[in-house]
Amino acid sequence: MLNLVAHHANAADLPAGFVYLQDIDASIVEDIRYATDNNFVGKPLAGYGSPDCVMVENAARALSSLQRELAKKNLALVVFDCYRPARAVREMVDYVTAHDVSDETYFPNLTSHQLIPKGYIASRSGHSAGGTVDLTIARKTLGKITLLDMGTKFDFFDLKSQSSSKLVSEGAAQNRRFLITAMERAGFGNYPREWWHFSFRNEPFKGHSFDFPIAKRH
(Lines give C-alpha, C1' and ligand atoms only; values in the text may rest on other atoms or scores of the structure.)
Protein backbone atom coordinates (compact mmCIF):
# COMPACT_ATOMS: atom_id res chain seq x y z
CA MET A 1 0.00 0.00 0.00
CA LEU A 2 1.02 3.62 -0.54
CA ASN A 3 0.10 6.44 1.77
CA LEU A 4 -1.65 9.40 0.22
CA VAL A 5 0.58 12.45 0.44
CA ALA A 6 -0.75 15.99 0.18
CA HIS A 7 1.39 18.70 -1.42
CA HIS A 8 0.92 22.36 -0.53
CA ALA A 9 3.10 24.83 -2.43
CA ASN A 10 3.08 27.39 -5.14
CA ALA A 11 4.44 26.33 -8.51
CA ALA A 12 8.04 27.08 -9.37
CA ASP A 13 8.64 28.85 -12.65
CA LEU A 14 7.94 26.60 -15.62
CA PRO A 15 7.93 27.16 -19.38
CA ALA A 16 4.68 28.59 -20.70
CA GLY A 17 2.05 25.89 -21.05
CA PHE A 18 3.48 23.63 -18.33
CA VAL A 19 2.08 23.10 -14.83
CA TYR A 20 2.68 21.03 -11.74
CA LEU A 21 -0.05 18.41 -11.69
CA GLN A 22 -0.50 18.91 -7.94
CA ASP A 23 -1.48 22.53 -8.60
CA ILE A 24 -4.25 21.31 -10.89
CA ASP A 25 -5.42 18.35 -8.81
CA ALA A 26 -3.81 17.48 -5.49
CA SER A 27 -5.94 14.33 -5.18
CA ILE A 28 -3.96 12.55 -7.90
CA VAL A 29 -1.28 10.40 -6.26
CA GLU A 30 2.31 10.90 -7.40
CA ASP A 31 4.96 8.17 -7.16
CA ILE A 32 7.57 9.61 -9.51
CA ARG A 33 9.99 6.71 -9.88
CA TYR A 34 12.81 8.41 -11.79
CA ALA A 35 13.29 10.89 -8.96
CA THR A 36 14.17 7.91 -6.71
CA ASP A 37 16.28 4.75 -6.69
CA ASN A 38 13.14 2.71 -7.40
CA ASN A 39 13.61 2.33 -11.16
CA PHE A 40 15.45 0.14 -13.65
CA VAL A 41 18.56 2.37 -13.63
CA GLY A 42 18.71 2.15 -9.83
CA LYS A 43 19.22 5.85 -9.12
CA PRO A 44 17.52 9.24 -9.63
CA LEU A 45 17.89 10.37 -13.22
CA ALA A 46 19.35 13.64 -14.43
CA GLY A 47 16.89 16.54 -14.32
CA TYR A 48 14.64 15.03 -11.65
CA GLY A 49 15.37 17.56 -8.92
CA SER A 50 12.02 16.92 -7.26
CA PRO A 51 9.55 14.00 -7.24
CA ASP A 52 6.82 16.08 -8.89
CA CYS A 53 4.71 15.48 -11.97
CA VAL A 54 5.08 18.30 -14.49
CA MET A 55 2.84 18.29 -17.58
CA VAL A 56 1.34 20.49 -20.22
CA GLU A 57 -1.73 22.16 -18.75
CA ASN A 58 -4.40 20.74 -21.04
CA ALA A 59 -3.23 17.16 -20.36
CA ALA A 60 -3.15 17.84 -16.61
CA ARG A 61 -6.71 19.19 -16.68
CA ALA A 62 -7.86 16.14 -18.65
CA LEU A 63 -6.39 13.88 -15.95
CA SER A 64 -8.14 15.96 -13.30
CA SER A 65 -11.49 15.46 -15.04
CA LEU A 66 -10.88 11.72 -15.12
CA GLN A 67 -9.85 11.76 -11.46
CA ARG A 68 -13.19 13.31 -10.48
CA GLU A 69 -14.96 10.56 -12.40
CA LEU A 70 -12.90 7.81 -10.75
CA ALA A 71 -13.39 9.29 -7.28
CA LYS A 72 -17.09 8.41 -7.50
CA LYS A 73 -15.98 4.76 -7.44
CA ASN A 74 -13.39 5.28 -4.67
CA LEU A 75 -10.62 5.02 -7.25
CA ALA A 76 -7.67 7.31 -7.93
CA LEU A 77 -4.98 7.83 -10.53
CA VAL A 78 -1.38 7.09 -9.53
CA VAL A 79 1.27 8.65 -11.79
CA PHE A 80 4.77 7.19 -12.12
CA ASP A 81 6.25 9.60 -14.67
CA CYS A 82 5.14 12.69 -16.56
CA TYR A 83 7.39 15.22 -18.29
CA ARG A 84 10.85 13.68 -18.66
CA PRO A 85 13.84 15.98 -19.32
CA ALA A 86 15.80 15.06 -22.44
CA ARG A 87 18.91 14.65 -20.29
CA ALA A 88 17.15 11.83 -18.40
CA VAL A 89 16.29 10.15 -21.69
CA ARG A 90 19.96 10.29 -22.69
CA GLU A 91 20.94 8.79 -19.33
CA MET A 92 18.54 5.88 -19.90
CA VAL A 93 19.98 5.26 -23.35
CA ASP A 94 23.55 5.45 -22.05
CA TYR A 95 22.70 2.99 -19.28
CA VAL A 96 21.16 0.31 -21.49
CA THR A 97 23.85 0.61 -24.16
CA ALA A 98 26.66 0.39 -21.60
CA HIS A 99 25.32 -2.83 -20.07
CA ASP A 100 24.40 -6.18 -21.59
CA VAL A 101 22.69 -7.91 -18.70
CA SER A 102 19.24 -9.07 -17.70
CA ASP A 103 17.43 -7.71 -14.66
CA GLU A 104 15.24 -10.04 -12.64
CA THR A 105 12.99 -7.18 -11.54
CA TYR A 106 12.56 -5.20 -14.75
CA PHE A 107 13.58 -7.29 -17.78
CA PRO A 108 14.24 -10.96 -16.87
CA ASN A 109 13.71 -12.25 -20.42
CA LEU A 110 15.77 -9.64 -22.27
CA THR A 111 19.21 -8.07 -21.97
CA SER A 112 19.58 -4.34 -21.66
CA HIS A 113 20.99 -4.16 -25.21
CA GLN A 114 17.61 -5.38 -26.48
CA LEU A 115 15.51 -2.70 -24.79
CA ILE A 116 15.96 -0.08 -27.52
CA PRO A 117 15.41 -2.44 -30.51
CA LYS A 118 12.33 -3.92 -28.80
CA GLY A 119 10.78 -0.47 -28.32
CA TYR A 120 10.94 -0.23 -24.53
CA ILE A 121 13.52 2.57 -24.41
CA ALA A 122 13.63 5.37 -27.01
CA SER A 123 16.47 7.74 -27.84
CA ARG A 124 13.82 10.46 -28.12
CA SER A 125 10.85 10.20 -25.78
CA GLY A 126 7.33 11.60 -26.08
CA HIS A 127 7.59 12.30 -22.35
CA SER A 128 9.94 15.18 -23.15
CA ALA A 129 7.11 17.02 -24.93
CA GLY A 130 5.06 17.15 -21.72
CA GLY A 131 1.92 15.34 -22.82
CA THR A 132 2.86 11.73 -22.09
CA VAL A 133 2.27 10.07 -18.73
CA ASP A 134 2.89 6.68 -17.12
CA LEU A 135 0.19 5.76 -14.63
CA THR A 136 -2.19 3.26 -13.12
CA ILE A 137 -5.37 3.21 -11.02
CA ALA A 138 -5.70 2.44 -7.33
CA ARG A 139 -8.54 1.82 -4.92
CA LYS A 140 -8.80 4.28 -2.02
CA THR A 141 -9.66 3.04 1.46
CA LEU A 142 -9.41 5.16 4.61
CA GLY A 143 -6.71 7.44 3.25
CA LYS A 144 -4.59 4.65 1.80
CA ILE A 145 -4.43 3.24 -1.70
CA THR A 146 -4.02 -0.23 -3.14
CA LEU A 147 -2.91 -0.47 -6.75
CA LEU A 148 -5.21 -2.44 -9.02
CA ASP A 149 -3.68 -5.68 -10.31
CA MET A 150 -2.40 -4.99 -13.82
CA GLY A 151 -0.49 -8.27 -14.19
CA THR A 152 2.96 -6.65 -14.09
CA LYS A 153 4.63 -3.78 -12.31
CA PHE A 154 5.46 -0.47 -13.96
CA ASP A 155 8.52 -0.59 -16.25
CA PHE A 156 8.44 -4.38 -16.54
CA PHE A 157 9.93 -4.68 -20.02
CA ASP A 158 8.41 -7.91 -21.26
CA LEU A 159 5.71 -9.34 -23.51
CA LYS A 160 3.48 -9.59 -20.43
CA SER A 161 3.36 -5.79 -20.31
CA GLN A 162 1.79 -5.45 -23.74
CA SER A 163 -1.60 -3.88 -23.19
CA SER A 164 -3.52 -6.79 -24.74
CA SER A 165 -1.22 -9.57 -23.47
CA LYS A 166 -2.85 -12.97 -22.93
CA LEU A 167 -0.08 -13.87 -20.45
CA VAL A 168 -1.81 -12.20 -17.49
CA SER A 169 -4.88 -13.20 -15.49
CA GLU A 170 -8.35 -12.27 -16.69
CA GLY A 171 -8.71 -9.95 -13.71
CA ALA A 172 -5.55 -8.08 -14.68
CA ALA A 173 -6.66 -7.96 -18.32
CA GLN A 174 -9.99 -6.45 -17.25
CA ASN A 175 -8.20 -3.83 -15.15
CA ARG A 176 -6.04 -2.90 -18.13
CA ARG A 177 -9.08 -2.54 -20.35
CA PHE A 178 -10.74 -0.37 -17.71
CA LEU A 179 -7.65 1.86 -17.49
CA ILE A 180 -7.25 2.19 -21.26
CA THR A 181 -10.94 2.91 -21.82
CA ALA A 182 -10.95 5.55 -19.08
CA MET A 183 -7.84 7.20 -20.47
CA GLU A 184 -9.26 7.19 -23.98
CA ARG A 185 -12.34 9.03 -22.69
CA ALA A 186 -9.96 11.60 -21.22
CA GLY A 187 -8.25 12.08 -24.58
CA PHE A 188 -5.18 9.86 -24.18
CA GLY A 189 -3.96 7.07 -26.45
CA ASN A 190 -2.17 3.99 -25.13
CA TYR A 191 1.24 2.72 -26.28
CA PRO A 192 0.44 -0.96 -26.96
CA ARG A 193 3.77 -2.32 -25.69
CA GLU A 194 3.23 -0.80 -22.23
CA TRP A 195 -0.13 -0.86 -20.45
CA TRP A 196 0.90 2.15 -18.28
CA HIS A 197 2.01 4.51 -21.09
CA PHE A 198 -0.39 7.15 -22.48
CA SER A 199 -0.03 10.23 -24.68
CA PHE A 200 -2.47 13.13 -24.82
CA ARG A 201 -3.82 13.44 -28.34
CA ASN A 202 -4.10 17.25 -28.23
CA GLU A 203 -0.73 17.97 -26.63
CA PRO A 204 0.54 21.37 -27.80
CA PHE A 205 4.24 20.53 -28.13
CA LYS A 206 4.08 17.16 -29.86
CA GLY A 207 7.44 16.34 -31.43
CA HIS A 208 9.35 18.79 -29.23
CA SER A 209 11.98 17.67 -26.75
CA PHE A 210 12.34 19.90 -23.68
CA ASP A 211 15.25 19.64 -21.28
CA PHE A 212 14.41 21.96 -18.38
CA PRO A 213 14.95 20.30 -14.98
CA ILE A 214 12.09 19.47 -12.64
CA ALA A 215 12.58 21.82 -9.69
CA LYS A 216 10.84 21.77 -6.33
CA ARG A 217 7.53 23.58 -6.20
CA HIS A 218 7.73 26.72 -4.03
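The values are calculated or read from the model by the stated rules, or taken from the named source; none is laboratory data. In this text the structure is predicted, and so the values were computed from the model without any measurement. Here Cβ is always computed from backbone atoms with ideal geometry, including for glycine, and neighbour counts include all displayed protein chains.
Condition test on Gly207, is it exposed (fewer than 15 other Cβ atoms within 10 Å of the Cβ) and assigned to a strand (DSSP E or B)?
When the stated conditions are applied, Gly207 does not pass them.
Among what's in the range 74-98 and is of a type outside the set (S, T, N, Q) and over 21 Å from Asp31 (Cα atoms), pick the residue that is farthest from the chain's Cα centre (by Cα).
For the range 74-98, the residue satisfying everything is Ala98.
Go through the residues of the range 177-188 one by one and say whether even a single one is modelled with pLDDT of 95 or more and in a strand (DSSP E or B).
For the range 177-188, residues modelled with pLDDT of 95 or more and in a strand (DSSP E or B): present.
If Ile28 satisfies every condition in (1) surrounded by fewer than 20 Cβ atoms within 10 Å (Cβ to Cβ); (2) over 15 Å from Asp211 (Cα atoms) but one, which is the exception?
Of everything listed in (1) surrounded by fewer than 20 Cβ atoms within 10 Å (Cβ to Cβ); (2) over 15 Å from Asp211 (Cα atoms), Ile28 misses just condition (1).
Starting from residues that are in a helix (DSSP H, G or I) and without any contact (Cβ under 8 Å) to a residue 60 or more places away in the chain, keep the ones in the range 20-39 and report whichever is farthest from Val89 (Cα to Cα).
Residues of the range 20-39 that are in a helix (DSSP H, G or I), as a first pass: 21-24, 33-35.
Narrowing the set further to residues that are without any contact (Cβ under 8 Å) to a residue 60 or more places away in the chain leaves 24, 34.
On the way: Ile24: 26, Tyr34: 11 Å.
My answer is Ile24.
Would you check which residues across the range 40-79 are under 20 Å from Ile145 (Cβ atoms), in a loop (DSSP other than H, G, I, E, B) and not basic (Lys, Arg) and list them?
Pro51, Asp52, Cys53, Asn74
For the range 80-121, which residues satisfy the criterion of being assigned to a strand (DSSP E or B) and charged (D, E, K, R)?
Asp81, Asp103 - these are the residues of the range 80-121 that are assigned to a strand (DSSP E or B) and charged (D, E, K, R).
Per-residue answers, yes or no, for (1) of a type in the set (Asp, Glu); (2) surrounded by fewer than 22 Cβ atoms within 10 Å (Cβ to Cβ); (3) in contact (Cβ under 8 Å) with a residue 12 or more places away in the chain; (4) on the phi < 0 side of the Ramachandran plot:
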site	(1), (2), (3), (4)
Glu57	yes, yes, yes, yes
Leu63	no, no, yes, yes
Ala88	no, no, yes, yes
Val93	no, yes, yes, yes
Pro117	no, yes, no, yes
Thr141	no, yes, yes, yes
Ser161	no, no, yes, yes
